[in-house]
1. Which pairs have Cβ atoms under 7 Å, sit 6 or more apart or on different chains, and link a residue in segment 118-137 that is on the phi > 0 side of the Ramachandran plot and part of a loop (DSSP other than H, G, I, E, B) to one that is open to solvent by 10 Å² or more (accessible area, probe 1.4 Å) and modelled with pLDDT of 95 or more?
2. Out of everything in segment 186-216 that is in a loop (DSSP other than H, G, I, E, B) and open to solvent by 50 Å² or more (accessible area, probe 1.4 Å), what residue ends up being nearest to residue 142 (Cα to Cα)?
3. State which residue pairs qualify: first residue at pLDDT 90 or above and part of a helix (DSSP H, G or I) and inside segment 138-166, second residue of a type in the set (Asp, Glu) and surrounded by fewer than 22 Cβ atoms within 10 Å (Cβ to Cβ) in any location, beta carbons under 6 Å apart, and separation of 6 or more residues or different chains.
4. Determine, yes or no, whether residue 128 is within 17 Å of the chain's Cα centre (by Cα), within 28 Å of residue 89 (Cα to Cα) and open to solvent by 50 Å² or more (accessible area, probe 1.4 Å).
5. For residues that are part of a helix (DSSP H, G or I) and open to solvent by less than 20 Å² (accessible area, probe 1.4 Å), scanning just segment 167-185, find the one that is nearest to residue 149 (Cα to Cα).
6. Please state which of the following conditions residue 110 fails to meet, knowing it meets all the rest: (1) crowded, with 21+ Cβ neighbours inside 10 Å; (2) farther than 22 Å from residue 164 by Cβ; (3) among the hydrophobic types (A, V, I, L, M, F, W, C).
7. Return the only residue of 144, 125 being touching a helix residue (DSSP H, G or I) at 6+ places or on another chain (Cβ under 9 Å) and not hydroxyl-bearing (Ser, Thr, Tyr).
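The values are calculated or read from the model by the stated rules, or taken from the named source; none is laboratory data. Nothing here was measured: the structure is a model prediction, and the numbers come from that model. With ideal geometry, Cβ positions are generated from the backbone for all residues, glycine too; neighbour counts draw on all protein chains shown. For accessibility, only protein heavy atoms count, side chains too; no ligands or nucleic acids. Shrake-Rupley method; radii C 1.70, N 1.55, O 1.52, S 1.80 Å.
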Amino acid sequence: PRAGPGGGAFARLRGLPLDLRHHEQAQAIAAALDGDFERAGLHYDRLLLREPQDTLALWAAQTVDYYLGAAPALAARAERVAQQVSPSLPGYHFVLASLAFGLQECGDYAAAEDHARRALELEPADLRARHALMHVFEMQGRAAEGLALAAGSNHLVWHHALFQLQLGRARKALELYDGAMRHESLADLIAAAALLWRLRLQRVDTGRRFAEVAAR
């Protein structure tokens, strides 16, 4: 079950002397490589109960929750961590941004915006906080505010295109697709398909672009 991507790196990892913290992380990785994301999440929960300052574990746990579609857990775990660590913790902005993302996934847009803005006050370059804000703006129809934030990573370009669609600028969204969106990772391909689907719903001719995504 661990012969696929990451299996070789994991085998090397297991050969290293690991303390309790890193052993728990290794167990979580093992569960994820086996496709058991719920078990992986339990390992990260145990780790964060002991060491809530481990922001890498928080990031990984949120990734697991996202794959499982476990929106309440996205918010609840980050909230527990935020209550346990000091605001002076290096990377505290990431804790706030993670909480903001979880809250917006649960539909609590006002609280999500508040935490995202607090994160950006601490670290203006925090892309996760900007990402959470863009989700809030999209759900609330605040396209003009969203466009002011939508620059940076490939996924943020996708949000930029969604705001253009909200403003009735389908052709501009298609230009962004052609000029700025990559097709390298699985996440890139999901974003590409999701944007093309929205364009098709607006009866925009997408040409052969769906076939190109499918071929990847």
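1. Sorted first by the residue in segment 118-137, then by its partner, the list stays empty.
2. In the first step, residues of segment 186-216 are kept if they are in a loop (DSSP other than H, G, I, E, B); the result is 202-208, 216.
This time we only want the ones that are open to solvent by 50 Å² or more (accessible area, probe 1.4 Å), so: 202-203, 205, 207-208, 216.
Values: 202: 20, 203: 23, 205: 26, 207: 30, 208: 31, 216: 33 Å.
Per the stated criteria, the residue is 202.
3. The qualifying pairs are 162/138.
4. Numbers: within 17 Å of the chain's Cα centre (by Cα): yes; within 28 Å of residue 89 (Cα to Cα): yes; open to solvent by 50 Å² or more (accessible area, probe 1.4 Å): yes.
Yes: the conditions hold for residue 128.
5. If we filter segment 167-185 for residues that are part of a helix (DSSP H, G or I), which is where we start, we get 170-180.
Filter again for open to solvent by less than 20 Å² (accessible area, probe 1.4 Å), leaving 170, 173-174, 177.
Working: 170: 19, 173: 16, 174: 19, 177: 18 Å.
Within segment 167-185, the match that is nearest to residue 149 (Cα to Cα) is 173.
6. (1)
7. Numbers: 125 fails: touching a helix residue (DSSP H, G or I) at 6+ places or on another chain (Cβ under 9 Å).
144 is the lone residue from the list that is touching a helix residue (DSSP H, G or I) at 6+ places or on another chain (Cβ under 9 Å) and not hydroxyl-bearing (Ser, Thr, Tyr).
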